[in-house]
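The values are calculated or read from the model by the stated rules, or taken from the named source; none is laboratory data. Because the structure is a prediction, the values reported are computed rather than measured. For neighbour counting, all protein chains shown are included, and Cβ atoms are generated from backbone atoms with ideal geometry for every residue, glycine included.
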Amino acid sequence: MTRVAFDNSYRTATDQLGLAAKRLQTSQEQLGSGRRVTKSSDDPIAAPKILQLSTSLARLDEYDRNLNFAEERLSKLTDQLSRVGDMLNNLKELSVQGSSGTYSAQDRAAMRTTAESTLDLINGYIAAVGEGQLGVDRTSVVSDGTKMPISLSTTDLAALKTLSTDLGNLIRRTPANPAADPPVAAVDPLSDATGWNNLLTKVNNELTLTTDTGALVMSVRYGAQYQQVDKIRETRGALRLDTERIVSNLRDADMGSVAIALSRDQSVLQALQASFAKIQGMSLFSFLR
């Protein structure tokens, strides 16, 4: 009977010692990692919620990368379109002067040279937002089911190319070709006030806000999309903070409580180890004395 009681005491002490060591290890892990839940067995109820919220945060990270990409592309696009608008305003000022009828042919020739240089700049800006650099009809997924345009549409690019061609016809001189059949005479569309008036009409049409494919409308439209990126980022930032706060509440440990638990677990383990040492020293002869 004494042997049975001894075996029971030994097993009980062994089990308690193992549990105390496990609790101490858990407290040490929590103190080292700062987390209350590091594996599903730590809290079977909180662990699935943490996994679900962590997946949501990973998806937000992907959307944020897409937003950064969209912001970069739209920034370049709106910058180039704004420059086209600036150059069109320069052409408008030249056209107003050229159509006044108070300038000599020599003055208009110098103004035409300026207009040609301005057209070259416009063509460079258009090339910078075309297929080669920013692409056409490109989108970026910025949230569930939401795609944002981050490049010119095919329609807008075609309109800009048409603008380039039309301005070229209104500005550039056509050299004479006497060898042609019939011979072709030189054409200078900006040699008189009428030509400058034609250019002024074209430029005004591009700068109006009533034409969907006008250069100024494009600049405003893509600029609005750039502003939308900031709004989405702001909303996304608030959602991220809320999600991270919930995850922290579920996963992170209260370090003050953990420190207290660690001290307690160490004391309990030491006491159990002392008791276990006494039990190990016992034998049947101890009870027969």
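Among the residues making up region 172-188, a single one is under 48 Å from the mean Cα position of the chain (by Cα) and in contact (Cβ under 8 Å) with a residue 60 or more places away in the chain: R173.
Looking at (1) surrounded by fewer than 18 Cβ atoms within 10 Å (Cβ to Cβ); (2) at pLDDT below 90, find the lone condition where S117 falls short. Going through the list (1) surrounded by fewer than 18 Cβ atoms within 10 Å (Cβ to Cβ); (2) at pLDDT below 90, S117 breaks only (2). Exactly one residue out of M111, M148 is surrounded by 13 or more Cβ atoms within 10 Å (Cβ to Cβ), of a type in the set (A, V, I, L, M, F, W, C) and under 17 Å from M218 (Cβ atoms): that is M148.
Scanning region 201-242 for residues that are surrounded by fewer than 14 Cβ atoms within 10 Å (Cβ to Cβ) and of a type in the set (D, E) yields D212, D230, E234, D242.
Return yes when L91 is within 34 Å of the chain's Cα centre (by Cα) and surrounded by 14 or more Cβ atoms within 10 Å (Cβ to Cβ) and no when it is not. Against the criterion (within 34 Å of the chain's Cα centre (by Cα) and surrounded by 14 or more Cβ atoms within 10 Å (Cβ to Cβ)), L91 does not qualify. Screening region 209-289 for helices (runs of 4 or more DSSP H) wholly inside it with 1 or more residues that are modelled with pLDDT of 85 or more and of a type in the set (A, V, I, L, M, F, W, C) returns the ranges 215-251. Just so you know, in region 129-145 the residues that are among the aliphatic types (A, V, I, L, M) and either outside any loop (DSSP other than H, G, I, E, B) or modelled with pLDDT of 80 or more (or both) include one that is surrounded by the most Cβ atoms within 10 Å (Cβ to Cβ), and it is V129.
This table checks each residue for (1) out of contact with any Lys or Arg (no Cβ under 6 Å at 6 or more places or on another chain); (2) surrounded by fewer than 15 Cβ atoms within 10 Å (Cβ to Cβ); (3) not polar (S, T, N, Q).
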residue: I122; (1), (2), (3): yes, no, yes
residue: L157; (1), (2), (3): yes, no, yes
residue: N177; (1), (2), (3): yes, yes, no
residue: V187; (1), (2), (3): yes, yes, yes
residue: L199; (1), (2), (3): yes, no, yes
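Only one of the listed residues (S153, S164, S140, S191) is closer than 23 Å to T211 by Cβ, small (G, A, S) and in contact (Cβ under 8 Å) with a residue 40 or more places away in the chain. That residue is S164.
Output the residue which, of all residues in region 44-87 that are polar (S, T, N, Q) and without any contact (Cβ under 8 Å) to a residue 40 or more places away in the chain, is surrounded by the most Cβ atoms within 10 Å (Cβ to Cβ). Before the answer, list the steps.
Applying the first criterion (polar (S, T, N, Q)) to region 44-87 yields 52, 54-56, 66, 68, 75, 78, 80, 82.
If we keep only those that are without any contact (Cβ under 8 Å) to a residue 40 or more places away in the chain too, we end up with 52, 55, 68.
On the way: Q52: 10, T55: 10, N68: 13.
Per the criteria, the residue is N68.
Before we move on, is S41 surrounded by 12 or more Cβ atoms within 10 Å (Cβ to Cβ) and either in a helix (DSSP H, G or I) or at pLDDT below 80 (or both)? Judged against the criteria, S41 is not a match.
Kindly indicate whether any position in region 101-117 is closer than 15 Å to N198 by Cβ and outside any helix (DSSP H, G or I). Scanning region 101-117 turns up at least one residue that is closer than 15 Å to N198 by Cβ and outside any helix (DSSP H, G or I). For region 146-161, residues that are more than 23 Å from E234 (Cα to Cα) and either in a helix (DSSP H, G or I) or at pLDDT below 80 (or both) total 8.
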